[in-house]
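The values are calculated or read from the model by the stated rules, or taken from the named source; none is laboratory data. Keep in mind that what you see is a predicted model, and the values were worked out from it rather than measured. Using ideal geometry, Cβ is built from the backbone for each residue, glycine included, and neighbour counts are taken over all protein chains shown. Areas reflect the complete protein model, heavy atoms only, side chains present, ligands, DNA and RNA absent. Shrake-Rupley method; radii C 1.70, N 1.55, O 1.52, S 1.80 Å.
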Amino acid sequence: METEPTYSVIDIPIIGEGKPEPLQNRLRTFPWWFVALLITLALTFFLVLTTQNYREAFTFIAVGLGVTTSISLISYSFALVIGLIAGMGRISRNVLYRNVSTYYVEVVRGVPMLVLIFYIAFVFVPDIIGGVNQFGFFLEELSNGQIGSALAQIENQSFSTYWRAVIALSITYGAFLAEIFRAGIESIERGQMEAARSLGMSYRQAMRYVILPQAIRNVLPALGNDFIAMVKDSSLVSVLAVRDITQIARLFAGRSFRFREAYTILVVLYLTITIILSLSVRIFERRMSRESR
Amino acid sequence: MNPADPIIEVKDLYKYFGRVKALNGVNLTVDRGRVVVIIGPSGSGKSTLLRCINRLEVPTSGEIWVDGQLLTKNEKQLNEIRAEIGMVFQLFNLFPHLTVLENITLAQKVVRKRSTEEAQKIALSKLQRVGILEKAEVFPRQLSGGQQQRVAIARALAMDPKIMLFDEPTSALDPEMIKEVLDVMLDLAREGMTMVVVTHEMGFARAAADEIIFMDEGLIVEQTTPEALFSNPKHERTKLFLSQILHK
Ligand SMILES: Nc1ncnc2c1ncn2[C@@H]1O[C@H](COP(=O)(O)OP(=O)(O)O)[C@@H](O)[C@H]1O
Ligand SMILES: [Mg+2]
């Protein structure tokens, strides 16, 4: 299956492929833009090393890299699980499972991500906590005192914005990944399921041992692309005052009025991350297509 | 062999796909150890009949009994019955992400709950039987069509099925590979496997079939021995069809 080009991935050129061409052609097709990009990055890092202002901005903002990385990785792991469950639901014969999954996916698709993040952080999470509290009271009345009162006492305020952001990103990207998994499962020929069932496997066994291994393999590049997209979209959680690189850059700029330094560093940090990740996806894709030849 | 020992009984089978009537009231009995060949023009319902027998298609109405059990919607029962019915498809349907050996051991392990060693031992013996023992460790895409189909047969046989269904097993093969697959099927027939085979290989029908069925428009038009059908077809439609395929 071809992975559709997405706007999140940098189309890293791979040089030195194919037949040797005349110098003139090579100069015309040479990816000058990529060289320019690398030079831009190098110049910025040079500024960081040589000028005080940039160095200060960099050391201040780079502290947020930990949050950006961990929030992306944790949210993406949850999103994978949610996406797999919802993706299978989208094509399930079970009416309830299918409709609940479709409802979820379509709602997420129809709302801007920023709005979803506000909604999940300030409405959905408090609702869940409220529900858990109620459940705790219920348990207390059933005289299951300790667990009950523990659950009943969870407070909305004690739930950090970091975890609200993780939940928001997981739910949002879960819906995107669901569509990737669904497409992956649907890309597997019907004969595979039939062969598995004809051998006596249950639907679940056929999914687990025959369909999903092939489907997931097919969508690995697409999953990689969406991880890159998520790293970029994680900047949105700065609206929850989560101290990722975007939020810290804003703080730095607001405090020092060095907007140019702050946002240049921010751009370069994101670019560096996306280039490295895009390159990894690209290399992985090539290795896969070589293997399956 | 007990002459009246039915292992498959199909009673008044109807199958509609929306408006399309694929099966129009089929009645069929297959006795244990018999080889039944089904022929008929494209779209006459041959595949649908086979696929109803192991419930890859759910009949619109009618009853199907396999080895004394009425097929129902019960998934657990269906899984058990399907494990007893091997099916070989036109396009092989091997699992491309698994090696040949893994293709043959997977269902043995998850359905028959055999240990890996036991499943591998059985797989290797089946591979030997279809004549490609040396290909155990390769992936399906590295095999020719004929070899892939023989692996598919080995995969079905490893479940120790009581019945084997073949849906045009050689029609996707290059001509030079047809024989290697038919030879395996002939061997199976001689060893007494109950087989229902959709094929237009008349040589195979002559050599192996106890009965031959001609289907048209979702109905069994004629059911007799191969000799009788080839030398003395009773229905006009049968004559027409035979003249078409024999003069190709
Ligand atoms: N999954 C399906 N959906 C709709 N129509 C089908 C389906 N499978 C088979 N049919 C129709 O049922 C009829 C019988 O098909 P089939 O059993 O495949 O015939 P044969 O195997 O003899 O060529 C054909 O008209 C075919 O178009
Ligand atoms: Mg057919």
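Summary table below
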{"read-out": "Qualifying positions in the range A:30-68 - part of a helix (DSSP H, G or I), surrounded by 10 or more Cβ atoms within 10 Å (Cβ to Cβ) and of a type in the set (S, T, Y)", "value": "A:T40, A:T44, A:Y54, A:T59, A:T68"}
{"read-out": "Residue match in the range B:123-130 (condition: without any contact (Cβ under 8 Å) to a residue 40 or more places away in the chain, in a helix (DSSP H, G or I), open to solvent by less than 20 Å² (accessible area, probe 1.4 Å) and more than 14 Å from chain A (Cβ to nearest Cβ))", "value": "yes"}
{"read-out": "Of the criteria (1) touching a Phe, Trp or Tyr at 6+ places or on another chain (Cβ under 6 Å); (2) farther than 30 Å from A:I228 by Cα, which one A:G89 fails", "value": "(2)"}
{"read-out": "Which listed residue is more than 14 Å from ligand 1 (Cβ to nearest atom) and either of a type in the set (S, T, Y) or open to solvent by less than 30 Å² (accessible area, probe 1.4 Å) (or both), from B:L78, B:L13, B:L70, B:L23", "value": "B:L78"}
{"read-out": "Residue check for B:K46: away from every other protein chain (no Cβ under 13 Å), surrounded by fewer than 18 Cβ atoms within 10 Å (Cβ to Cβ) and basic (K, R)", "value": "no"}
{"read-out": "Qualifying residue in the range B:194-205 (condition: open to solvent by 20 Å² or more (accessible area, probe 1.4 Å) and within 16 Å of ligand 2 (Cβ to nearest atom))", "value": "yes"}
{"read-out": "Count of residues meeting criterion [within 16 Å of ligand 2 (Cβ to nearest atom) and of a type in the set (D, E, K, R)] in the range B:134-187", "value": "2"}
{"read-out": "Sole exception among (1) more than 16 Å from ligand 1 (Cβ to nearest atom); (2) surrounded by 21 or more Cβ atoms within 10 Å (Cβ to Cβ); (3) under 15 Å from B:V37 (Cα atoms) for B:R190, by number", "value": "(2)"}
{"read-out": "Total residues in the range B:211-246, condition over 23 Å from the mean Cα position of the chain (by Cα) and under 14 Å from B:S44 (Cα atoms)", "value": "1"}
{"read-out": "The listed residue being at pLDDT below 95 and under 30 Å from B:M159 (Cα atoms), out of A:S256, A:S202, A:S280, A:S292", "value": "A:S292"}
{"read-out": "B:V35, sole failed condition from (1) within 15 Å of ligand 1 (Cβ to nearest atom); (2) modelled with pLDDT of 95 or more; (3) more than 14 Å from every other protein chain (Cβ to nearest Cβ)", "value": "(1)"}
{"read-out": "Breaking point among (1) within 14 Å of chain A (Cβ to nearest Cβ); (2) surrounded by fewer than 16 Cβ atoms within 10 Å (Cβ to Cβ); (3) more than 14 Å from ligand 1 (Cβ to nearest atom), for B:V58", "value": "(3)"}
{"read-out": "Those residues of the range B:151-187 which are open to solvent by 10 Å² or more (accessible area, probe 1.4 Å), farther than 28 Å from B:K113 by Cα and within 16 Å of ligand 1 (Cβ to nearest atom), in sequence order", "value": "B:E168, B:S171, B:A172"}
